[in-house]
Amino acid sequence: MLTIAISKGRIYREALPLLDTAGIRPGDDPETSRKLVFDTNLDDVRMLVLRAQDVPTFVEHGAADLGLAGKDVLLEHGGEGLYEPLDLGIARCRMVVAVRRGRETLPRRPRVATKYVESTRRFFAAAGVQAEIIKLYGSMELAPVVGLADCIVDLVDTGSTLAANGLVEVEEVCPISTRLIANKASMKMKHARMKTFIDSLSNAVAEDPAP
Ligand code: AMP
């Protein structure tokens, strides 16, 4: 049995055509069903529907053999206990530093509001900047507007959320996309089945006309 962990929303929607090309079709629609475990058209493949942040945890501990997770989530998780065999190239966006328009020059010791504490800490440390990181769980864009922070680190896709809040991007932290992750023990114990799955998904990604 192969167990694949996946989150609802954009990753699921964009992964569905790739899984279909790889020959895997979920038995139910997690967007509408309350079920958390799904059978698929293949007798030996099932899916777990999890919060995005929990996908690496389930895979690292072997509760799932494989998972689909955003690089932003993996960077926060740490990822040492996981293999990351494939970039699916879906749910693409960028992690960026953004400030209020007209406040592009940051103070020497900036206050940075973010949900992505680890990525932010590493980014500013690599730049030799001593940043004070303020952990938020959402609506980061508000923080510079109300004076809680000098800048934010957040995900940007079209840029319209930043623009709507009078913010501008000043630096890119890293590009983000969805990755296939694999449990290390499963890669040894179920090597042939895992390899078949990874190869078929890799072929589906290569055939995908979307960038
Ligand atoms: P946008 O206005 O198109 O730049 O989208 C920015 C908003 O969408 C931010 O609140 C982001 O947190 C969120 N977002 C954009 N892309 C992604 C992604 N691939 N995964 C998760 N959240 C995203």
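Please treat every number below as a calculation from the coordinates, not as lab data. No experiment lies behind these values; they were computed from the predicted model shown. Virtual Cβ from ideal backbone geometry, glycine too; neighbours counted across all protein chains shown.
Of all beta bridges DSSP finds with both residues in the chain, what is the antiparallel percent, to the nearest 5?
Details: 26 of 41 bridges.
Percent antiparallel among DSSP bridges in the chain is about 65.
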Q: Taking H placed 1.01 Å from N in the peptide plane, check which residues at least 5 places from residue 176 or on another chain put their amide H under 5 Å from its amide H.
A: 93, 94, 95
Q) Taking springs between alpha-carbon atoms closer than 10 angstrom, which of 36, 16, 88 fluctuates most in the Gaussian network model of the chain? A) 36
Q: In a Gaussian network model over the chain where Cα atoms closer than 10 Å are linked, find which of 47, 189, 95 has the largest mean-square fluctuation.
A: 189
(Q) Quick check for the chain: number of Lys pairs with alpha-carbon distance under 29 Å, counting only pairs 8 or more apart or on different chains? (A) 22
Q. In which sequence would 111, 179 go, from the one with the fewest C-beta neighbours within 10 Å to the one with the most?
A. 111, 179
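Rg over Rh of segment 94-174, using C-alpha atoms and the Kirkwood radius, what does it come to? Show your work: numbers first, answer last.
Details: Rg = 11.1 Å, Rh = 12.2 Å.
Computed over Cα atoms, the ratio is 0.91.
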Q.
Just to be sure I understand the model, the point goes 7 Å from the Cα along the line to the Cβ. What's the resulting residue 161 to residue 132 distance in nm?
A. 2.5 nm
Q) Applying the Karplus parametrisation 6.51 cos²θ - 1.76 cosθ + 1.60 with θ = phi - 60° to the phi angles of segment 38-45, what ³J(HN,Hα) value in whole Hz is obtained for each residue in order, glycine and proline being reported as x? A) 10, 6, 10, 5, 9, 4, 9, 10
**Q.** Computed helical MRE - 222 nm, the chain, DSSP H runs ≥ 4 contributing -39500 (n - 2.57), nearest 500
**A.** -8500 deg cm²/dmol
Q | Rough spin-label spacing in nm, given labels placed 7 Å along Cα→Cβ, for residue 101 and residue 1 | A | 5.5 nm
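Most exposed first by the Cβ proxy, i.e. fewest other Cβ within 10 Å, how do 150, 43, 72 rank? It would help to have the intermediate numbers written out before the result.
Working: 150 21, 43 8, 72 24.
The most exposed by this proxy come first: 43, 150, 72.
Neighbour counts of other C-beta atoms within 10 Å: give me 83, 116 arranged from fewest to most. Don't jump to the answer; show the numbers that get you there.
Numbers: 83 18, 116 26.
Ranking 83, 116 by Cβ neighbours within 10 Å, fewest first, gives 83, 116.
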